[in-house]
1. Among Thr36, Thr90, Thr27, which is the only one that is part of a strand (DSSP E or B), open to solvent by less than 20 Å² (accessible area, probe 1.4 Å) and of a type in the set (S, T, N, Q)?
2. So for the range 110-128 (the condition being in contact with a Leu (Cβ under 9 Å, 6 or more places away or on another chain), closer than 27 Å to Asn52 by Cβ and at pLDDT 90 or above), does at least one residue qualify?
3. Starting from the range 21-35, take each residue that is hydrophobic (A, V, I, L, M, F, W, C) and list its partners that are part of a loop (DSSP other than H, G, I, E, B), counting only C-beta distances under 6 angstrom and pairs at least six apart or across chains.
4. Restricting to the range 93-109, count the residues that are at pLDDT 80 or above and either outside any strand (DSSP E or B) or open to solvent by less than 20 Å² (accessible area, probe 1.4 Å) (or both).
5. Out of Thr18, Thr68, Thr58, which single residue is within 12 Å of the chain's Cα centre (by Cα) and of a type in the set (S, T, N, Q)?
6. Name, by its number, the condition in (1) touching a Gly at 6+ places or on another chain (Cβ under 7 Å); (2) at pLDDT 80 or above; (3) open to solvent by 40 Å² or more (accessible area, probe 1.4 Å) that does not hold for Ile202.
7. Say we look at the range 39-64 and pick out the residues that are open to solvent by 60 Å² or more (accessible area, probe 1.4 Å), in a strand (DSSP E or B) and of a type outside the set (D, E, K, R); which of these is modelled with the lowest pLDDT?
8. Could you grab me the full set of residues in the range 162-181 that are modelled with pLDDT under 75 and under 15 Å from the mean Cα position of the chain (by Cα)?
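The values are calculated or read from the model by the stated rules, or taken from the named source; none is laboratory data. Fair warning: this is a prediction, and the values are worked out from it, not measured in the lab. Cβ sites come from the backbone with ideal geometry, for glycine too, and all protein chains shown count toward neighbours. Only protein heavy atoms, including side chains, enter the accessible area calculation; ligands, DNA and RNA are left aside. Shrake-Rupley method; radii C 1.70, N 1.55, O 1.52, S 1.80 Å.
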Amino acid sequence: MAVQLKEVNGTTVFFANTSLFAKGVGTLNESYLSITNPNRGVHQNLRDFRLNGHRLATIRTRAINVKTTIITISAGTDIRGLRTARFRLTVNGNRVNVSGVIDGKRIVPFTIRCRNGQCSGPDSIRFQNGGILTVTIDPNLERAIRRVSAKLSREVRLFLKNRPTQSGDCQVNCSIAFFQCNNICSIFFPPCLIACSVANAICLANCLR
């Protein structure tokens, strides 16, 4: 287990990493990295899963400007129904318009709606040429992923409990909230991951007020 939190010249770097062994699955590792600086428009996040040393899934979030964020997802062969995905999030008031491509197929654009920092999206993602995104995985592996995410969340909470001086910092709070939101989401349900990114952008914007 490793958790680190640093603040240098307005830039917050938050890193967390853990692993576990699951019978019938192997060794699963989850790591999370967040780099934020609202004053400079820096907002980058990386969530990475490794299974027995090989890539299982990677989720990257990067702010282009105050109104546009790009999310990319890449998945290994243990995940069926998705290899690569790229979503473009565009802020329009309290609504965020989402467009994108999954495995070369364009999705039907949809909207994330936010209120008081809470964001929600659709129950599914549809393709313009018909059909919906369906992602499947071995049930034992899915349970292991949920276990490693829960383990990492517990370790982060313990880390923060022992660092009370960090609890009042706005950027730190945004980074931690984004981590917790991500770990609640299934990595197989992109609308939830997108909603977390939108809520985090709102949180960071409020740090400047």
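1. On the way: Thr90 fails: open to solvent by less than 20 Å² (accessible area, probe 1.4 Å); Thr27 fails: open to solvent by less than 20 Å² (accessible area, probe 1.4 Å).
Going through Thr36, Thr90, Thr27 in turn, the sole match is Thr36.
2. Initial filter on the range 110-128 (in contact with a Leu (Cβ under 9 Å, 6 or more places away or on another chain)): 112, 124-127.
Next, only the ones that are closer than 27 Å to Asn52 by Cβ stay: none.
Looking for residues that are in contact with a Leu (Cβ under 9 Å, 6 or more places away or on another chain), closer than 27 Å to Asn52 by Cβ and at pLDDT 90 or above, one finds none in the range 110-128, hence no.
3. none
4. 9
5. Values: Thr18 fails: within 12 Å of the chain's Cα centre (by Cα); Thr68 fails: within 12 Å of the chain's Cα centre (by Cα).
It is Thr58.
6. Among (1) touching a Gly at 6+ places or on another chain (Cβ under 7 Å); (2) at pLDDT 80 or above; (3) open to solvent by 40 Å² or more (accessible area, probe 1.4 Å), the lone unmet condition for Ile202 is (2).
7. Ranking the qualifying residues of the range 39-64, first place goes to Gln44.
8. The one that is modelled with pLDDT under 75 and under 15 Å from the mean Cα position of the chain (by Cα): Ser175.
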